[in-house]
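A.B. asks: Questions regarding the structure given below will be posed in turn.
The values are calculated or read from the model by the stated rules, or taken from the named source; none is laboratory data. Please read these numbers as outputs of a predicted model, since none were measured by experiment. We place every Cβ from the backbone using ideal geometry, glycine too, and count neighbours over all the protein chains shown.
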Amino acid sequence: MNNFARLEPVNLREGWPHEALDFTKWLSKEENIELLSKETGLNIKVLQTEAGTGRYSLDILATDENTEQTIIIENQLEMTDHDHLGKLIVYGAGHNATYQIWIVRDYRDEHKQAIDWLNEHTDKNINIFLVKLELWKIGESALAPKFQIISQPNDFVKSLHDQKTKSEGLNGTNITRLHFWENFINYCKENNTAMELAKPSTRHYLIINMRDSRCHIAVLYFVSDGSISCELYIPDNKELYDFLLQNKEDIEGKIGEKLEWQYLDGKKASRISLSSNAKIALEGNNWNEAFEWMKSRAEKFIKVFSDYAKKL
C-alpha cells in the first residue's frame with residue numbers, strides 16, 4: 001500500500017520575514033512573477049518596485065505585456081484591512097491602472113464584498129484581483145508558494161482572451177507566438193502531462209515550474225527562424241550551476257543527448273539548454289511535431305535536474 005505524505009501549511013513570515021525587503025523583492029523576480037501571471041491570466045512584467053505615489057510607495061508597478069496596460073500590485077502578508085484597501089484605490093488612481101492586484105495572507109468578508117462590488121460597478125478599465133497567498137511544504141521539503149484568486153473581474157477570462165487576439169498592439173510575430181503557446185498548452189493537456197505550465201503569452205519562451213525557487217524549465221520558440229529549444233534556467237545561483245556541471249556526464253547520460261552548458265560570464269544567470277534540429281513552419285502544419293519534442297524534453301529535464309538539484 002502506498003504511503004502518502006501530507007501537505008503542511010507554513011506561516012508566510014517563515015518564507016518572507018519582511019514584506020518589502022523579502023516578499024516584494026522575491027515576487028519582482030521574473031520566475032516568481034510568472035506564478036502570479038499563471039494564476040491571474042495576465043502577462044505581468046515588473047517595471048519598478050517601491051514606486052512613488054504621492055506620499056506613499058506602491059509595492060510593484062508593472063504592465064501587461066500583451067496589452068501594455070498598467071498593473072499595480074499591493075502586498076499585505078497579513079489579514080486585509082481598510083488601510084490597504086484605501087491604498088489600493090489611491091495607487092490605482094495615481095497610476096491610472098487597468099489592473100489592481102491585492103495579495104494578502106487572508107481576507108475579511110467585508111473586504112471581499114468591497115472588491116466584488118467595485119468589479120461589478122466600475123467599467124472595463126478598472127479590474128481588481130484579491131489574491132490569497134499560501135506557503136506549503138511536505139516534510140522537510142522546500143517551501144512552495146501558492147496563489148489563490150478570491151475575487152476577480154466579471155467575465156475576466158473571456159475578455160482577456162478577446163484583448164489578446166484582437167488588440168491592435170499585437171503584431172504578426174506576437175500573434176504567432178501567442179497561438180503557438182496556446183496550442184502547445186492544449187497539446188500537453190490532451191497528452192496527459194503533469195507539468196505546471198505558465199499562461200500563454202507573446203514571449204518567445206514559456207516557463208514550466210520545477211517546484212524549486214532556484215531555477216525553472218523553459219521551452220523556447222523563435223519565430224524568425226523556426227527554431228525550438230528546451231532549457232534549465234538558473235537566474236541567480238552559480239553554485240547550483242557548478243554543482244550540476246560536476247555531474248555533466250551523468251546528467252547527459254540520463255537525458256540521452258548532449259547539452260549546451262552556458263555559464264554566462266558577467267551575469268548572475270546561467271543556463272543549460274538543448275536545441276532541436278527541426279525548423280517549425282510559421283503556418284503551423286507541423287506544430288504537433290514541435291510540441292511533442294518540447295513536451296518530452298521538458299518532462300525529462302524536470303525529472304533529471306530535479307533529482308540532482310535536491311542533492312545541493
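A.B. asks: Determine, yes or no, whether ILE89 is at pLDDT 85 or above and surrounded by 21 or more Cβ atoms within 10 Å (Cβ to Cβ).
C.D. replies: no
A.B. asks: A further question on this structure: Since LYS258 meets every condition but one in (1) closer than 21 Å to HIS204 by Cα; (2) surrounded by fewer than 14 Cβ atoms within 10 Å (Cβ to Cβ); (3) of a type in the set (Lys, Arg), which condition does it not meet?
C.D. replies: (1)
A.B. asks: Filter the stretch 120-150 for residues that are among the acidic types (Asp, Glu) and loosely packed, with under 14 Cβ neighbours inside 10 Å; which is nearest to the chain's Cα centre (by Cα)?
C.D. replies: Within the stretch 120-150, the match that is nearest to the chain's Cα centre (by Cα) is GLU140.
A.B. asks: So, in the stretch 190-219, of the ones that are charged (D, E, K, R) and at pLDDT below 90, which residue ends up nearest to the chain's Cα centre (by Cα)?
C.D. replies: Just the residues of the stretch 190-219 that are charged (D, E, K, R), to begin with: 190, 196, 199, 203, 211-212, 214.
From what's left, at pLDDT below 90: 196, 199, 203, 211-212, 214.
On the way: GLU196: 10, LYS199: 8, ARG203: 12, ARG211: 12, ASP212: 13, ARG214: 14 Å.
Filtering first and then ranking leaves LYS199.
A.B. asks: Restricting attention to the stretch 90-107, report how many residues are closer than 21 Å to GLU39 by Cα and not aromatic (Phe, Trp, Tyr).
C.D. replies: Initially, the stretch 90-107 is screened for residues closer than 21 Å to GLU39 by Cα, giving 92, 97-107.
This time we only want the ones that are not aromatic (Phe, Trp, Tyr), so: 92, 97-98, 100-101, 103-106.
Qualifying residue count for the region: 9.
A.B. asks: Here's a follow-up. Which of the residues spanning the stretch 227-255 are surrounded by fewer than 18 Cβ atoms within 10 Å (Cβ to Cβ), within 19 Å of SER275 (Cα to Cα) and within 25 Å of the chain's Cα centre (by Cα)?
C.D. replies: SER227 - this is the single residue of the stretch 227-255 that is surrounded by fewer than 18 Cβ atoms within 10 Å (Cβ to Cβ), within 19 Å of SER275 (Cα to Cα) and within 25 Å of the chain's Cα centre (by Cα).
A.B. asks: For the condition within 30 Å of TYR233 (Cβ to Cβ), more than 17 Å from the chain's Cα centre (by Cα) and not small (Gly, Ala, Ser), what is the one hit in THR63, THR53, THR49, THR40?
C.D. replies: Numbers: THR63 fails: more than 17 Å from the chain's Cα centre (by Cα); THR53 fails: within 30 Å of TYR233 (Cβ to Cβ); THR40 fails: more than 17 Å from the chain's Cα centre (by Cα).
Testing whether each residue is within 30 Å of TYR233 (Cβ to Cβ), more than 17 Å from the chain's Cα centre (by Cα) and not small (Gly, Ala, Ser) leaves just THR49.
A.B. asks: Can you tell me which residues in the stretch 61-73 are in contact with a His (Cβ under 6 Å, 6 or more places away or on another chain) and either under 16 Å from LEU133 (Cβ atoms) or not hydroxyl-bearing (Ser, Thr, Tyr) (or both)?
C.D. replies: Matches in the stretch 61-73: ILE72 only.
A.B. asks: Something else about it: Pick from ASP116, ASP64, ASP83, ASP106: which is out of contact with any strand residue (DSSP E or B) (no Cβ under 7 Å at 6 or more places or on another chain) and either surrounded by fewer than 22 Cβ atoms within 10 Å (Cβ to Cβ) or not aromatic (Phe, Trp, Tyr) (or both)? Explain how you work it out, then say what you get.
C.D. replies: On the way: ASP116 fails: out of contact with any strand residue (DSSP E or B) (no Cβ under 7 Å at 6 or more places or on another chain); ASP64 fails: out of contact with any strand residue (DSSP E or B) (no Cβ under 7 Å at 6 or more places or on another chain); ASP106 fails: out of contact with any strand residue (DSSP E or B) (no Cβ under 7 Å at 6 or more places or on another chain).
Selected residue: ASP83, the only one of ASP116, ASP64, ASP83, ASP106 that is out of contact with any strand residue (DSSP E or B) (no Cβ under 7 Å at 6 or more places or on another chain) and either surrounded by fewer than 22 Cβ atoms within 10 Å (Cβ to Cβ) or not aromatic (Phe, Trp, Tyr) (or both).
A.B. asks: Oh, and also: For the stretch 168-193, what are the residues that are out of contact with any Pro (no Cβ under 8 Å at 6 or more places or on another chain), of a type in the set (A, V, I, L, M) and in contact (Cβ under 8 Å) with a residue 60 or more places away in the chain?
C.D. replies: Once the filter is applied, which keeps residues that are out of contact with any Pro (no Cβ under 8 Å at 6 or more places or on another chain), of a type in the set (A, V, I, L, M) and in contact (Cβ under 8 Å) with a residue 60 or more places away in the chain, the stretch 168-193 yields only LEU170.
A.B. asks: May I pose another question? Is it true that some residue in the stretch 40-54 is in a helix (DSSP H, G or I), closer than 29 Å to ARG203 by Cα and assigned by TED's automatic domain parsing to the domain that holds PRO145? First the steps, then the outcome.
C.D. replies: So the first thing to find is which residues in the stretch 40-54 are in a helix (DSSP H, G or I), and the list is 40.
Going one step further and asking which of them are closer than 29 Å to ARG203 by Cα, we end up with 40.
Now narrow it down to the ones that are assigned by TED's automatic domain parsing to the domain that holds PRO145: 40.
Checked against the condition, which is being in a helix (DSSP H, G or I), closer than 29 Å to ARG203 by Cα and assigned by TED's automatic domain parsing to the domain that holds PRO145, the stretch 40-54 yields at least one hit.
A.B. asks: Would a scan of the stretch 130-153 turn up a residue that is over 30 Å from ILE228 (Cβ atoms), modelled with pLDDT of 90 or more, of a type in the set (Gly, Ala, Ser) and part of a strand (DSSP E or B)?
C.D. replies: Looking through the stretch 130-153, at least one residue is over 30 Å from ILE228 (Cβ atoms), modelled with pLDDT of 90 or more, of a type in the set (Gly, Ala, Ser) and part of a strand (DSSP E or B).
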